Amino acid sequence: MKKYTYTEKKDTRSGFGAGLSELGKTNPNVVALCADLTGSLKMDAFQKTHPDRFFQIGIAEANMIGIAAGLTIGGKIPFTGTFANFSTGRVYDQIRQSVAYSDKNVKICASHAGLTLGEDGATHQILEDIGLMKMLPNMTVINPCDFNQTKAATIAIAKHHGPVYLRFGRPAVPNFTPADQHFEIGKALMLNEGTDVTIIATGHLVWKAIEAGEQLAQKGIHAEIINIHTIKPLDSEAILKSVAKTKCVVTAEEHQLNGGLGDSVAQLLSRQLPTPQEFVAVNDSFGESGTPDELMTKYGLDTRNIVEASERVMKRK
């Protein structure tokens with residue numbers, strides 16, 4: 001098992017803020033819109049250095065999406081920012097009609113996704129946002145794993161023409177990917193090569209998958225671990241190549257089982273390479289208030305669950 005280490009934990013929303021600030025210096029067409037959550041989205045630096053390109057829309061998310069769509073007509077590249085629940089569920093009609101259907105170059109950037117929002121509870125812990133967004137034609141869906149990768153993804157999506165949903169979170173998580181990484185949309189990253197089971201993870205579950213791989217290695221099980229930061233378009237080639245070798249797969253995500261990464265992988269395999277699969281995801285349930293770690297354990301999204309799912313799926317080969 002390849003050894004991964006980190007020197008600090010950082011929140012992925014700060015990676016977005018850092019990437020947006022960098023774009024402000026290098027791309028004059030980038031503009032930012034926020035729905036009264038500038039501090040929470042870490043958009044402060046961009047606001048201070050580029051006040052003429054920052055628009056505080058207030059608690060009017062639908063209006064924010066409409067304005068962003070309009071700005072693209074003049075050649076601007078708008079980045080919208082609010083919590084994931086408000087970025088998707090509250091404004092789905094506006095995203096569908098004004099952004100996706102019209103193929104507008106809007107970057108929908110969403111923080112505080114999933115159970116790790118913690119104490120704010122079920123009303124804010126959206127777990128179906130990836131499904132909502134990936135079902136829209138023309139939409140690209142990205143869910144990076146740490147600060148460095150979120151910063152790199154933020155910079156990369158400005159060069160991609162078309163609607164993008166970029167998902168990140170509030171808690172500090174291990175920052176282990178290279179600071180100088182090249183982020184390629186739609187390209188999976190091989191974290192560890194193995195022969196016994198494929199573990200495909202996204203977002204906050206990537207580090208948990210690495211921990212699970214280390215524990216499995218102690219049991220003599222060689223896990224192949226893949227970081228899927230882009231859920232749509234999915235890197236089908238990388239997944240099929242790995243699963244053809246290991247003959248079984250575990251998917252891990254901080255999202256509903258229905259509609260997420262695991263769902264996309266299952267669709268791919270059912271059409272091209274039917275394979276035993278286990279899912280580490282929230283099983284048709286809303287969240288609740290609690291600390292991020294408590295909730296991830298209660299809802300089965302921790303390292304132990306990935307280990308157990310790997311052991312189960314290997315028996316189904």
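Couple of notes before you dig in:
- Amide H contacts of Thr198 (H built 1.01 Å from N, in plane; Pro and chain starts excluded): Glu224, Cys248, Val249, Val250 sit under 5 Å, all sequence-distant by 5 or more or on other chains.
- Pairs beyond 25 Å (Cα-Cα), from Lys42/Lys298; Lys48/Lys151; Lys9/Lys219; Lys48/Lys107: Lys42/Lys298; Lys9/Lys219
- Sorted peptide list for 141-152, 205-216, criterion being average Cβ within 10 angstrom, highest first: 141-152, 205-216
- Between the range 62-94 and the range 149-183, the C-alpha centres lie 19 angstrom from each other.
- Spacing of the modelled spin labels on Lys317 and Thr195, each 7 Å from Cα toward Cβ, amounts to 0.9 nm.
- With both residues required to sit in the chain, DSSP beta bridges show an antiparallel share near 20%.
- Over the residues of the chain, the helix contribution to mean residue ellipticity at 222 nm works out to -10500 deg cm²/dmol, using -39500 (n - 2.57) for each DSSP H run of at least 4.
- Modelled spin-label separation between Lys298 and Lys2, with each label point placed 7 Å from Cα along the Cα-to-Cβ direction: 3.6 nm.
- Order of Ser111, Ser264, Ser285, Ser87 under a 10 Å beta carbon neighbour criterion, fewest first: Ser285, Ser264, Ser111, Ser87
- Membrane-span-like helices in the chain (whole DSSP H runs, Cα extent of at least 18 Å along the helix axis, mean Kyte-Doolittle hydropathy of at least -1.0): 12-26, 61-73, 205-218.
- Label point distance in nm, His182-Ser285, each placed 7 Å from Cα along Cα→Cβ: 4.3
- Rounded to the nearest Hz, the phi-derived 3J(HN,Hα) couplings of the range 289-302 under the Karplus curve 6.51 cos²θ - 1.76 cosθ + 1.60 (θ = phi - 60°) are 6, x, 6, x, 5, 4, 5, 5, 6, 4, 9, x, 10, 10, where x marks glycine and proline.
Every number in this text was worked out from the coordinates using simple rules, so none of it is lab data. These figures come from a predicted structure and were not determined experimentally. For neighbour counting, all protein chains shown are included, and Cβ atoms are generated from backbone atoms with ideal geometry for every residue, glycine included.
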